[in-house]
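Report on the structure given below.
The values are calculated or read from the model by the stated rules, or taken from the named source; none is laboratory data. Because the structure is a prediction, the values reported are computed rather than measured. Every residue, glycine among them, receives a Cβ derived from its backbone with ideal geometry; neighbour counts consider all protein chains shown.
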Amino acid sequence: MTSQLNFLNDLLWGSVLIYLLIGVGLFFTYRLGFIQFRHFRHMFQVMKNSRKSDAAGISSFQALCTSLAARVGTGNMAGVAVALTLGGPGAIFWMWLIAMLGMATAFAESALAQLYKTRDDEGNYRGGPAYYMEKGLGMRWMGVVFSIFLIIAFGLVFNAVQANSIAKAMNVAFGWQPLVVGMVLVALTGFIIFGGMRTIARTAEILVPAMAICYLTLALVVVAMNIEQVPSVLALIFRSAFGLEEAASGALGYTIAQGMINGLKRGLFSNEAGMGSAPNAAASATPYPPHPASQGYVQMLGVFTDTIVICSATVAIILMSGEYVPHSEVTGIELTQRALSSQVGDWGEVFIAIAIFLFAFTSLVANYSYAETNLIFLEHNHKAGLAIFRLVVLGMVMFGALAELPTVWTMADISMGMMAIINLIAIVLMSGTVVKLARDYNTQLSLGKLPTFDSRQYPELHAQLDEEIWTRSPER
């Protein structure tokens, strides 16, 4: 079984997704006029009024925190360590690159999710790739296949990955047995997910900013303690990315390939740009300015925060500690814990254990919310099916706490890869709509207006959309 999983994983990540991720990122970067660079400041400006919402949706800030709750987890601590161990320091360069390109991809998928959102039976906004595949492309079958992969990936496999990292961190720091950790996680997760989307959003809104600030503050302390190492660490990353460290050994091509594959793989797992996950949170928001493109800017900021800021903090902690050893058996969250402890003392392991618990726990509940939205797409709010699914999710949390890391990571990579392929094809097919949204938004902005979307101005789109959402007067 393990050999088959590894073969499929190598096929997806060794060829198909490498070209797709970079290609689609470059495609949208060009078609949107390098939007992530030209409008970098505007991402932050959109957040000024991000607390606005209505009875049908959560606020843009809550949508950002929910997507960050899913993004900021094991990928930022365990995943970065895995990328370093398997791909060398050069993998970090490729993580940064895919994040910068992925910001344009994130704009596209999140703007589309907002545009094609609808209301569920309880009057709450729902949307995401499955919805824009059905409404925008007229391909419900494609949305169904995507939803199935997302439910497997986020509802089941990824939650096992998060639980796995929490159990390992608690065992290293406190000696707690995985079974005990799993039981606690099941109880806490069950309490949140049975409370619904708004409970999940409120939980993320409180925990995500607090834990991110604490982690970044500690990382800055480590950098300050080792400020003289900063130039050499940066040089190491860039030399390794292009094989300059290994050029004399004859392993140049292999080294670059390993760094690229592991960097892109862990980078996508962390920032999720193009995967089709964050759009599910973006669609739940009441945007301000009241235009689908505003959520594109919000989710671009999410990619930047996750990879360029938080992942880089983990990189600094590990590479400045002296604990990093290429191809070592010490990897994942254990490497991050050891690295921090070597800098600040034994309490560093405890801090990382608590941080990974909070990061990964919020990921658990945010991942579930994505899966719930897609289950509703498939079943149209079937109450019994939703209750059964919640119990299955809790079972996977327990499984993840007890499973071995390599197998769980491989399963996560495969399911994530299949999701990404379907979503990337869909957003490229709908790229013309993305460009229309970006132009409409920025034309209004350049004229000094509050960007407001009215679907009646776009007859080719009007019939595909929820008329009540996009033709009524926006709430100011």
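A single entry from 33, 25 fulfils the requirement of being in a helix (DSSP H, G or I) and at pLDDT 90 or above: 25. Checking each residue in segment 427-466 for being over 19 Å from residue 300 (Cβ atoms) and touching a residue at least 40 places away in the same chain (Cβ under 8 Å) picks out 429, 450, 452, 461, 464, 465, 466. Would it be correct to say that residue 397 is at pLDDT 80 or above, among the β-branched types (Val, Ile, Thr), buried (at least 20 other Cβ atoms within 10 Å of the Cβ) and under 26 Å from residue 365 (Cβ atoms)? Here the answer is yes, as residue 397 does meet what is asked.
Among residues of segment 286-325 being at pLDDT 85 or above and of a type in the set (Gly, Ala, Ser), the one that is surrounded by the most Cβ atoms within 10 Å (Cβ to Cβ) is 296. Filtered by the rule that a residue be surrounded by fewer than 16 Cβ atoms within 10 Å (Cβ to Cβ) and touching a residue at least 12 places away in the same chain (Cβ under 8 Å), segment 176-189 gives 179, 183, 188. Restricting 127, 102 to residues that are within 14 Å of residue 426 (Cβ to Cβ), buried (at least 24 other Cβ atoms within 10 Å of the Cβ) and small (Gly, Ala, Ser) narrows the list to 127.
Okay, residues lined up against (1) free of Cβ contacts under 8 Å to residues at least 40 places away in the same chain; (2) under 24 Å from residue 89 (Cα atoms); (3) more than 24 Å from the chain's Cα centre (by Cα):
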| site | (1), (2), (3) |
| --- | --- |
| 306 | no, yes, no |
| 319 | no, yes, no |
| 323 | yes, yes, yes |
| 352 | no, yes, no |
| 355 | no, yes, no |
| 364 | no, no, no |
| 372 | no, no, no |
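Residue count for segment 412-457 under the criterion of being of a type in the set (Phe, Trp, Tyr) and at pLDDT below 85: the result is 0.
Going residue by residue through segment 427-435, is there one that turns out to be crowded, with 20+ Cβ neighbours inside 10 Å and under 20 Å from the mean Cα position of the chain (by Cα)? Within segment 427-435 (the criterion being crowded, with 20+ Cβ neighbours inside 10 Å and under 20 Å from the mean Cα position of the chain (by Cα)), the answer is yes, since at least one residue qualifies.
In this structure, residue 349 does not qualify as in a helix (DSSP H, G or I), closer than 23 Å to residue 262 by Cα, among the acidic types (Asp, Glu) and at pLDDT below 75. Looking only at segment 135-147, residues that are surrounded by fewer than 21 Cβ atoms within 10 Å (Cβ to Cβ) and in a helix (DSSP H, G or I) come to 5 in all. Please determine whether any residue of segment 315-333 is of a type in the set (Ser, Thr, Tyr), touching a helix residue (DSSP H, G or I) at 6+ places or on another chain (Cβ under 6 Å) and in a helix (DSSP H, G or I). No, there is no match, as no residue in segment 315-333 is of a type in the set (Ser, Thr, Tyr), touching a helix residue (DSSP H, G or I) at 6+ places or on another chain (Cβ under 6 Å) and in a helix (DSSP H, G or I).
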